[in-house]
Amino acid sequence: MAQEFVQAQIKGDKVVLFMKPTCSYCVMAKSVLSKYKFKPGHLEYIDISSRSDMGGIQDYFLALTGARTVPRVFVGDKCVGGGSDVVELHESGQLESMLQSIGALQ
């Protein structure tokens, strides 16, 4: 069930941030993503903290990405990592290129 949920959220033309609102790295990733002008429907924040299958989702993240922690940030169907990774991609200019390549920006 958790695997199906995650796979249903990840689409080739959008960015998905799986997060917990009390996590400082999640807040950091959300802050970086908020600097970009996304097309409507191309950025989604998913709070997994109140889901009954949260553990299963995080177990699936481990199998899929090599890390169980949140945030897990997907650009299209590719996981680009967590909070620090998103900051590094943003500061290097790579994040904007990735977002443009999937057609997520206005």
remark   = In the range 81-100, residues that are among the hydrophobic types (A, V, I, L, M, F, W, C) and over 15 Å from Glu44 (Cβ atoms) total 4
task = Sort out which residues of the range 1-40 are without any contact (Cβ under 8 Å) to a residue 60 or more places away in the chain, of a type in the set (A, V, I, L, M) and outside any strand (DSSP E or B), and write them in order of number.
result = Met1, Ala2, Val6, Ala8, Val27, Met28, Ala29, Leu33
message = Can you find a residue that is touching a Cys at 6+ places or on another chain (Cβ under 9 Å), over 15 Å from Val6 (Cβ atoms) and either assigned to a helix (DSSP H, G or I) or among the aliphatic types (A, V, I, L, M) (or both) anywhere in the range 41-53?
response = no
remark   = In the range 54-81, anything assigned to a helix (DSSP H, G or I), touching a strand residue (DSSP E or B) at 6+ places or on another chain (Cβ under 8 Å) and of a type outside the set (A, V, I, L, M, F, W, C) is listed as Thr65
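Taking the residues in the range 31-48 that are among the hydroxyl-bearing types (Ser, Thr, Tyr) and either closer than 14 Å to Gln100 by Cα or out of contact with any strand residue (DSSP E or B) (no Cβ under 7 Å at 6 or more places or on another chain) (or both) as candidates, determine which candidate is surrounded by the fewest Cβ atoms within 10 Å (Cβ to Cβ).
Checking each candidate, the answer is Ser34.
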remark   = Among Gly66, Gly83, the single one that is within 14 Å of the chain's Cα centre (by Cα) and small (Gly, Ala, Ser) is Gly83
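All of the numbers you see were taken from the coordinates with simple rules; none came from a lab. What you see is a predicted model, and the numbers here were worked out from it, not measured in a lab. No Cβ is skipped: glycine too gets one built from the backbone with ideal geometry, and neighbour counts run over all protein chains shown.
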